[in-house]
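K.L.:
Structure provided below as structure tokens; questions to follow.
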Amino acid sequence: MGADVELVEGEPTWTVRGAGESLPAPLAERLAAATGEIELWLTPGEEEPTGPNQYDCTPESTLAGALLDSVGAGPPCAIPLSESVLDEPVPEWIDASSLSVVDRKFSPYFTKQGVWCLVEVSIETVSEFERDFLVSVGVDADTGEPLPLLAEVGDVVTQSPAHPGVTESEPTTVDAEVFAAAHERAHAVTEATVDEIQEQAGNAAGVEFEEYLEVQAERLETLRKERERLDEELASIRSALEAATERAERLELLDDQETRQEERSDVVAELTELEEARRDGFPAYQQKIRNRHRINAEYTIVASLVIPYQKGDLELTVTDGAETCVVSQIYGHEAAFFEAPSCGRCGETLGAGGARIVEGELRGLDCGC
């Protein structure tokens with residue numbers, strides 16, 4: 001926040017002390033009238049910030065949005081890690097086995113750059129389903145490949161900026177292709193959520209269309225009854241015309257007949273149009289409903305960090321309680337596992353199927369070796 005500003009974390013508020021000119025622009029602009037300590041309310045609840053120096057900074061507040069916009073407009077910060085931020089994860093081939101790790105040794109052979117991005121996802125329809133949320137993603141700065149654990153690293157260091165082993169360096173540049181890869185990763189991570197909202201919107205559209213069908217069925221029945229009524233009245237008028245002897249009476253009946261025929265023509269035209277639309281499945285209205293419930297998902301990167309991570313050989317000593325085996329696999333420290341080892345007999349890559357030790361050699365459970 002600046003050398004002259006102190007941030008004291010609390011619950012449900014953070015207290016900001018220091019010179020206003022040292023604050024980020026969105027804070028400085030909105031808090032210019034504040035004197036002394038400033039309280040930022042971070043969690044919504046029954047209480048609302050009402051004091052002269054109390055400000056709403058919940059995710060949906062305008063202040064939070066301005067801060068995100070301010071951060072997102074700048075270049076990515078670089079966050080070197082001098083010590084581990086996450087616990088070392090267990091490879092899936094061990095996690096799916098009855099094996100346990102008794103020793104591990106990591107030998108790095110070069111450092112790579114990873115990019116953590118905080119992506120704002122805005123999912124909207126013109127109907128009732130609207131949602132905004134944030135998602136963290138991590139990608140390799142050279143290849144754009146996803147690094148799931150790097151997303152967790154970024155979450156840890158941003159939620160606790162004073163975490164041991166984290167130092168901030170000057171902003172750096174990142175190729176547009178890397179941000180494009182982060183966008184793609186955010187799409188993949190949120191696919192299930194978007195599909196769920198799409199399903200909700202589809203269900204709402206289905207309900208609306210069923211209600212529309214019921215209304216149109218009632219209208220069809222009304223028009224048919226109206227046509228039947230007019231046919232009966234026209235038949236009555238024709239009978240009266242045959243029996244009429246006075247000129248004035250015949251003229252009046254002819255006027256009535258013309259009026260009823262015009263009414264019948266309008267009813268028949270609407271009835272014919274409605275019956276044809278019903279046979280076709282009401283395509284125009286179906287399109288209208290689809291447009292109303294169409295999902296629009298927008299992805300915006302609002303913050304980013306460049307986090308160096310080491311890539312090298314991870315040597316694991318594993319045991320089943322009776323035998324021990326040493327296994328080496330390529331690993332990205334603080335980023336993700338890369339290459340799982342192979343079955344010692346058939347060479348198939350070990351994965352979620354698990355492994356076992358046979359005569360001091362690692363064998364896959366899936367391949368049956």
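The values are calculated or read from the model by the stated rules, or taken from the named source; none is laboratory data. These figures come from a predicted structure and were not determined experimentally. Don't worry about glycine lacking a Cβ; one is built from the backbone with ideal geometry, like all the others, and counts go over all protein chains shown. Side chains are part of the model used for accessible areas, which takes the heavy atoms of the whole protein and leaves out ligands, DNA and RNA. Shrake-Rupley method; radii C 1.70, N 1.55, O 1.52, S 1.80 Å.
K.L.:
Please give the Cα centre distance for region 319-369 versus region 83-143, rounded to the nearest Å.
P.N.:
If we compute the Cα centre of each part, the gap is 22 Å.
K.L.:
Could I ask something else about it? Just to confirm, what accessible area per residue do you get for region 192-290 at 1.4 Å probe, in whole Å²?
P.N.:
Values: 6790 Å² over 99 residues.
I get 69 Å² per residue for this part.
K.L.:
Students often check this: by mean Cβ neighbours within 10 Å, which of 272-285, 301-314 ranks highest, and how do the rest follow? Present the calculation step by step, with values, prior to reporting the outcome.
P.N.:
Numbers: 272-285: 11.8, 301-314: 19.5.
Packing proxy ranking, top to bottom: 301-314, 272-285.
K.L.:
Going highest first, how would you order 238-250, 106-118 by mean Cβ packing within 10 Å? Spell out each step's value before the answer.
P.N.:
Details: 238-250: 10.6, 106-118: 17.7.
Order by mean packing, descending: 106-118, 238-250.
K.L.:
Using packing as a proxy for protection, rank 212-224, 178-190 so that the peptide with the highest average count of other Cβ atoms within 10 Å comes first.
P.N.:
Highest-to-lowest ranking by the protection proxy: 178-190, 212-224.
K.L.:
What ³J(HN,Hα) values, in whole Hz, does the Karplus curve 6.51 cos²θ - 1.76 cosθ + 1.60 give for region 140-149 when θ = phi - 60°, with x put for Gly and Pro?
P.N.:
Computed from phi, the couplings for region 140-149 are 6, 5, 8, 9, x, 5, x, 10, x, 5 Hz.
K.L.:
Sticking with the crude label model, points 7 Å out along Cα→Cβ, report the distance from ARG219 to VAL326 in nm, one decimal please.
P.N.:
Each label point is offset 7 Å from its Cα along the Cβ direction, giving 8.1 nm.
K.L.:
Please work out whether region 84-133 counts as rounded, prolate or oblate from its C-alpha gyration tensor, where a ≥ b ≥ c are the square roots of the eigenvalues and a/c under 1.5 means rounded, while otherwise a/b larger than b/c means prolate and anything else oblate? Intermediate results must be reported in sequence, preceding the final value.
P.N.:
Values: a/c = 4.76, a/b = 2.03, b/c = 2.34.
Verdict is oblate for region 84-133.
K.L.:
Using only C-alpha atoms and all pairs of different ones, pull out the Kirkwood radius for region 295-344 in Å with one decimal.
P.N.:
Details: mean 1/r = 0.0695 Å⁻¹.
Mean inverse Cα-Cα distance, inverted, gives 14.4 Å.
K.L.:
Something else: If you project the alpha carbons of region 286-369 onto their three principal axes, what span does each projection cover, largest first, in Å?
P.N.:
Principal extents (largest minus smallest coordinate, Cα): 67, 38, 22 Å.
K.L.:
Here's another thing I want to ask about it. Please list, in chain and number order, the residues 5+ apart from SER97 or on another chain whose amide H is under 5 Å from its amide H, with Hs placed from the backbone.
P.N.:
When sequence neighbours closer than 5 places are left aside, the close amide H contacts are ALA355.
K.L.:
Which ³J(HN,Hα) values in Hz, rounded to whole numbers, follow from the phi angles of region 345-360 under the Karplus curve 6.51 cos²θ - 1.76 cosθ + 1.60, where θ = phi - 60° and Gly and Pro get x?
P.N.:
9, 9, x, 5, 5, 7, x, 5, x, x, 8, 9, 9, 10, 6, x
K.L.:
Here's a follow-up. For region 165-293, which whole-number percentage of the solvent-accessible area (1.4 Å probe, protein heavy atoms only) is attributable to carbon and sulfur atoms?
P.N.:
Details: 3900 of 8670 Å².
Its accessible area is 45 percent carbon and sulfur atoms.
K.L.:
Which of the lysines could be linked to LYS105 by a straight reach, that is with a Cα gap under 23 Å, when you skip same-chain ones fewer than 8 residues away?
P.N.:
LYS311
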